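Here's the structure, in structure tokens; my notes come after.
The values are calculated or read from the model by the stated rules, or taken from the named source; none is laboratory data. Computed from a predicted structure; not experimentally measured. Positions of Cβ are backbone-derived with ideal geometry, glycine not excepted, and every protein chain shown enters the neighbour counts.
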Amino acid sequence: MASVASVMPLGSSAPREGAESPDPGFRSGAHAPPRCPAESRSRRLGVLIPAIIIMGIADLACTLSYMTTVGMIELNPLARLIAQEGGAPNLAAFKVCTIVACCGILFRLRRTRQAEIAAWLCVLVMAVLMIHWMRYAQYGPHIAAATHAFDRCDDFIRLPR
């Protein structure tokens, strides 16, 4: 078995028990703090990107659920056109592709300040959308009872199951 002195570089001594580490940011038993802002930013985006994905999938599920049952007015004009022309499969593909593209770009640029700002903005928009869906679900029974009034509206979409 090698002694401590045989594996230490020449001129150095073995650290004493309770001695200070040469790195003042290092605490024994704790994770070392990030060394630069880009690492911190990358970690934050590592939390924000999955949040965007989860809320995007929830939005897709709510959209398809309401469009295939009581119907709804899609506020996104591009998604509305895709739903009207291509139906539920094309709408789902479109929404998944936008989620993947958005998160892919954010991941690629995750060390930049602009990507973090964009990610926070996406999370904010998606959170507002989740609040919208909660309110929509709350009034769902009333909407279902009044859908006959929307049948003459061009923006109202009810997809076949």
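The table below gives the values:
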| read-out | value |
| --- | --- |
| Residues satisfying the stated conditions in the range 67-78, i.e. within 22 Å of the chain's Cα centre (by Cα) and surrounded by 15 or more Cβ atoms within 10 Å (Cβ to Cβ) | GLU74 |
| Residue match in the range 44-52 (condition: under 30 Å from LEU159 (Cβ atoms), charged (D, E, K, R) and assigned to a helix (DSSP H, G or I)) | no |
| Within the range 98-158, helices (runs of 4 or more DSSP H) holding 1 or more residues that are modelled with pLDDT of 90 or more | 113-138 |
| LEU81 free of Cβ contacts under 8 Å to residues at least 40 places away in the same chain and either surrounded by 18 or more Cβ atoms within 10 Å (Cβ to Cβ) or hydrophobic (A, V, I, L, M, F, W, C) (or both) | yes |
| Looking only at the range 88-142, and only at residues there that are aromatic (Phe, Trp, Tyr) and touching a residue at least 60 places away in the same chain (Cβ under 8 Å), the one that is nearest to CYS36 (Cα to Cα) | PHE107 |
| Tally, over the range 34-51, of residues that are surrounded by 14 or more Cβ atoms within 10 Å (Cβ to Cβ) and without any contact (Cβ under 8 Å) to a residue 40 or more places away in the chain | 1 |
| Residue list for the range 52-63, restricted to those being small (Gly, Ala, Ser), touching a residue at least 40 places away in the same chain (Cβ under 8 Å) and loosely packed, with under 15 Cβ neighbours inside 10 Å | ALA58 |
